[in-house]
Amino acid sequence: MEDRSATAFHDIGLYLCRAPDGELGLRVLVGGGMGRTPIVGTVIREFLPWQHMMTYVECILRVYNRYGRRDNIYKARIKILVKALGAEEFARQVEEEWALAKDGPGTLTEEELKRVSAYFTAPDYEPRPADEGEFERRIAESRGFARWAGRAMRPHRVPGYRAVVLSLKKTGVAPGDATAEQMEQVADWSERYGFGEIRVSHEQNLILPDVRAGDLFTLWEQARKAGLATPNLGLLTDIIACPGGDFCSLANAKSIPIAEAIQRRFDDLDYLHDIGELNLNISGCMNSCGHHHAGHIGILGVDKDGEEWYQVSIGGADGSAAGHGRSAIGRVIGPSFKAEDMADVVSRLVEIYLENRETGEHFVDTVERLGIAPFKAGVYGTPVRTKKEPSEGVVADA
Ligand code: SF4
């Protein structure tokens, strides 16, 4: 099971699923969030038939409106209320409220579903199974293409098509940045090779959702020339980073130079692929726009006496396949580091993982199995400068 929307880190998370009899519904989570109080959401209903989505969510909001801390901006979040009441009591109150609202006017009907669905018509796909042979031939001929395809492509429900992720994580470019010229090219490809659609992922990459298999090789060649085909998706240099102190007035520290230093350190593709799946996320302050809490390695910029320091956590997970669908908050390994030491710190964490990993284990699995102690010992055993008790300078909660 994979969650591509980090539903466990939202005030209300709705995860589409099917009951054993095939009925479509939702798993309902509440009380997730990051910021100063990072919490993984709790499931309060394992299965809610889709017709009741609106009435059930309304009941969650009613309970929040009744008891939530709207008097205090720092505590005005569902996660704070769920923590105060306890998830079980919160769920009990929602169910009690819903017993009155169920089957009310907000209940969704087949007619309403059809009306809304009409705005989302499927593209005019032309299944071309023959394209698969051409694609396989190209894969066999070109190692570069095969390596890119292995990271950038996702299966498609229509035979002969793939979803393609374009990496905005080239070394030396701020994670998630694209120039106007690159965006023009992506727009052009979306029309030439797809149906004019481009999506943006929370990992800060671009997705062309409907590319014909026979066009993949040509797309790769063009994306490579445009600097949008680095085969690093899901790997250590596919860093999520907030704008940090270069642009954001709330920042405690810069994010982008830290991302760049790590990208340069891990610029060897063979080494990067050997390390395997590893999510590294950076936030410039506790507001957590870079989702550092959910990174397998999370880096948080902190301020101490006007200086920029970086706190490191490991073992976070955002529900995606790399963490086997788990959602977790990373654990801080110890005192913070100076900017110029961050690439060394990440290198040490990776080395400790490589020394200890078992067959098939991702970085986050090894942290889960061993705990943070060996990583902590390995990192603080090296001569890096550290600072105790960094201040966080929090402005708001996320
Ligand atoms: S995490 Fe902090 S520094 Fe980064 S964008 Fe958000 S508010 Fe700004």
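Values in this text are rule-based calculations from the coordinates and carry no lab data. Computed from a prediction, not measured in an experiment: that's the story for all the values here. So basically every Cβ, Gly included, is an ideal-geometry build from the backbone, and we count neighbours across all protein chains shown.
Which lysines does K83 reach when only Cα atoms under 20 Å apart count, and residues fewer than 8 places away in its own chain are ignored?
Result set, ordered by chain and number: K75.
At a 10 angstrom cut-off on C-beta neighbours, averaged per residue, how do the peptides 244-256, 10-22, 79-91 rank from highest to lowest?
In decreasing order of mean packing, 244-256, 10-22, 79-91 become 244-256, 79-91, 10-22.
Measuring from centroid to centroid over Cα atoms, what is the spacing of the range 1-27 and the range 118-156 in Å?
For the range 1-27 versus the range 118-156, the Cα centre distance is 27 Å.
Using a Gaussian network model of the chain whose springs link C-alpha atoms within less than 10 Å, name the residue from L233, L349, L280 with the highest mean-square fluctuation.
Largest GNM mean-square fluctuation: L349.
Checking the cross-link filter: which lysines have an alpha carbon closer than 25 Å to that of K225, excluding same-chain neighbours under 8 positions apart?
Answer for K225, where 25 Å is the Cα cut-off: K169, K170, listed by chain and number.
Just the isolated ones, please: cysteines in the chain lacking another cysteine beta carbon under 4.7 angstrom.
C17, C59, C248, C285
Could you line up R66, R162, R331 from fewest to most neighbouring Cβ atoms inside 10 Å?
Values: R66 10, R162 23, R331 16.
Least to most surrounded, the residues fall as R66, R331, R162.
Sorted from fewest to most neighbouring beta carbons within 10 Å, what does the list D305, D267 look like?
Ranking D305, D267 by Cβ neighbours within 10 Å, fewest first, gives D305, D267.
Quick one: dipole size for the range 7-117, taken about the Cα centre, charges +1 on Lys/Arg Cβ and -1 on Asp/Glu Cβ, in debye to the nearest 20. Please list the in-between numbers first.
Working: 16 positive and 15 negative charges, 141 e Å.
Dipole size: approximately 680 debye.
Between T121 and D305, what's the calculated FRET efficiency when r is the beta-carbon distance and R0 is 41 Å? Round to 0.05.
E(calc), rounded to 0.05, equals 0.10.
Whole Å is fine, so just give me how far the alpha carbon centre of the range 192-263 lies from that of the range 317-368.
If you average the Cα positions of each part, the centres end up 21 Å apart.
Report, ordered by chain and residue number, the lysines lying within cross-link reach of K338, taken as a straight Cα distance under 23 Å and ignoring same-chain residues fewer than 8 apart.
K254, K304, K376, K387, K388
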